[in-house]
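The values are calculated or read from the model by the stated rules, or taken from the named source; none is laboratory data. Here the structure is a predicted model, which means the values were calculated and not measured. Positions of Cβ are backbone-derived with ideal geometry, glycine not excepted, and every protein chain shown enters the neighbour counts. Just the protein is used for accessible areas: all its heavy atoms, side chains included, with ligands, DNA and RNA removed. Shrake-Rupley method; radii C 1.70, N 1.55, O 1.52, S 1.80 Å.
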Amino acid sequence: MAAAACALPMLTMKPLGFVITCAGCFVLIAAAFKSRRWALDLLLGLGFSLLCWWLFRKLGVQLGGIFPLMGK
């Protein structure tokens, strides 16, 4: 699971964007640590990744749109 979380950004960063990719990595790492709360892990991952995306934008780092598949 942890290896899949490391490989996920290489495959999904461009089409899915930073937020969804980081949330997916969070869920996979939590699963590697034997978490069984997939919904909570996904919500936490989305929250943390949105916060990181916003902070990077404030620092002037361009990470692309918030949700590329939705055109945003």
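Counting protein heavy atoms only, the chain has 74 percent of its accessible area on carbon and sulfur, 1.4 angstrom probe. Using C-alpha pairs under 8 Å with a sequence gap of at least 6, the mean separation divided by the residue count of the chain gives a relative contact order of 36 percent.
Over the residues of the chain, the helix contribution to mean residue ellipticity at 222 nm works out to -24500 deg cm²/dmol, using -39500 (n - 2.57) for each DSSP H run of at least 4. May I ask for log10 I(q)/I(0) of the chain at q = 0.12, 0.19, 0.28 Å⁻¹, from a Debye sum over the Cα atoms as equal point scatterers with solvent left out? Cα-only, vacuum Debye calculation for the chain: -0.31, -0.75, -1.24.
For the stretch 34-46, backbone phi angles converted through the Karplus equation (6.51, -1.76, 1.60; θ = phi - 60°) give residue-by-residue couplings of 6, 6, 10, 9, 4, 5, 5, 4, 5, 5, 5, x, 5 Hz, Gly and Pro being listed as x. For the stretch 48-62, backbone phi angles converted through the Karplus equation (6.51, -1.76, 1.60; θ = phi - 60°) give residue-by-residue couplings of 5, 5, 5, 4, 5, 4, 5, 5, 4, 4, 5, 7, x, 8, 8 Hz, Gly and Pro being listed as x.
For the stretch 20-31, backbone phi angles converted through the Karplus equation (6.51, -1.76, 1.60; θ = phi - 60°) give residue-by-residue couplings of 5, 4, 5, 5, x, 5, 4, 5, 5, 5, 4, 5 Hz, Gly and Pro being listed as x. Of 43, 55, the order by accessible heavy-atom surface (1.4 Å probe, DNA, RNA and ligands excluded), from most exposed downward, is 43, 55. The residues packed around residue 44, meaning those with a beta-carbon under 15 Å from its beta-carbon, carry a net charge of +1 if Lys and Arg are +1 and Asp and Glu are -1.
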